[in-house]
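Heads up: the structure comes next, in structure tokens.
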Ligand SMILES: C[S@@+](CC[C@H](N)C(=O)[O-])C[C@H]1O[C@@H](n2cnc3c(N)ncnc32)[C@H](O)[C@@H]1O
């Protein structure tokens, strides 16, 4: 389904302003101040319209949830859903996963969700995949040791590729399944997942646990503050977004 640019986006964002963290860099190392009793900080990359965000946060009021999304037209729907439920443990960043180390400090995040990220099927675009080794190394810089990346995708090729990437970046793989809902629906489904599931597409899932390494792998920042390809994609998506 194509999402048209919303003419009333600013007004809608304005109504959700209490959930939007407009300067995420200012919270680096201090996110828990948003919910001092939080037992965990959970971060979702590319939350889209936020079905998963809302339902997971509702089920876990003890956790602080931060959702990052680079397309405001999608994110505003997620924010409105949270407002409608009166959730107090969810906040949003209108930003890019490539900049996570600017937003979070070391050991700050307990659980990181990557749900149905763009597969970037062409080999020449492999570095853009959110489960590319370089991105997984980036996440090491914000996850605590023993912290988890919970990854779901409908795309089998991306999944098999990712299973190789996790160990290379120092994660132990666990809970690997190529048909998560084989014996009935498990866990909270995302907006995309619901659609794939209703078409009979098997859902792949795994969890990568961050292992302590004596020598941290080197993270290669993608050149520039925000890479060109992400900036142009963002603009393109804001005009006419696949969501
Ligand atoms: C295929 S959609 C999936 C949305 C949602 N997770 C779901 O499962 O329904 C991927 C989402 O990730 C967002 N996204 C992709 N790359 C991103 C990045 N580098 N940083 C933040 N968001 C990103 C896209 O804008 C899009 O909303």
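Just order 10-17, 47-54, 204-211 by mean Cβ neighbour count inside 10 Å, highest at the front, would you?
Peptide ranking by packing, descending: 47-54, 204-211, 10-17.
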message: Quick check: residue separation of residue 58 and residue 11 times 0.36 nm, minus the Cα distance between them. What number comes out in nm?
response: 14.4 nm
task: Would you calculate the volume per residue, in Å³, of the smallest convex hull containing every Cα atom of segment 40-230?
output: 120 Å³
field: Prolate/oblate/rounded call for segment 36-150, Cα gyration tensor, a/c under 1.5 rounded
entry: oblate
- request: Using a Förster distance of 22 angstrom, determine the FRET efficiency expected from the C-beta separation of residue 88 and residue 30, and round it to 0.05.
  value: 0.80
message: Rounded to whole Å, give me the distance from the Cα center of segment 81-130 to that of segment 18-49.
response: 11 Å
statement: Comparing 73, 96, 118 in a Gaussian network model of the chain (Cα, 10 Å), the one with the largest mean-square fluctuation is 118
field: GNM top mover of 164, 135, 151 - the chain, alpha-carbon springs below 10 Å
entry: 164
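Could you give the length gained by full extension between residue 39 and residue 156, i.e. 0.36 nm per residue of separation minus their alpha carbon distance, to one decimal place? Don't jump to the answer; show the numbers that get you there.
On the way: separation 117, 0.36 × 117 = 42.12 nm, distance 3.37 nm.
This chain segment gains 38.8 nm when fully extended.
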Candidates 20, 34, 45: whichever shows maximal mean-square fluctuation once the chain is modelled as a Gaussian network with Cα springs under 10 Å: 34
- prompt: When the Debye formula is applied to the Cα atoms of segment 1-58, each taken as the same point scatterer, what base-10 log of I(q)/I(0) results at q = 0.16, 0.18, 0.25, 0.27 Å⁻¹?
  reply: -0.73, -0.90, -1.35, -1.37
Linear extension gain, residue 124 paired with residue 183, 0.36 nm per residue minus alpha-carbon span: 17.5 nm
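None of the figures in this text is laboratory data; all of them are computed from the coordinates on show. Fair warning: this is a prediction, and the values are worked out from it, not measured in the lab. Methodologically, a virtual Cβ is constructed for each residue, glycine included, from the backbone with ideal geometry; neighbour enumeration extends over all protein chains shown.
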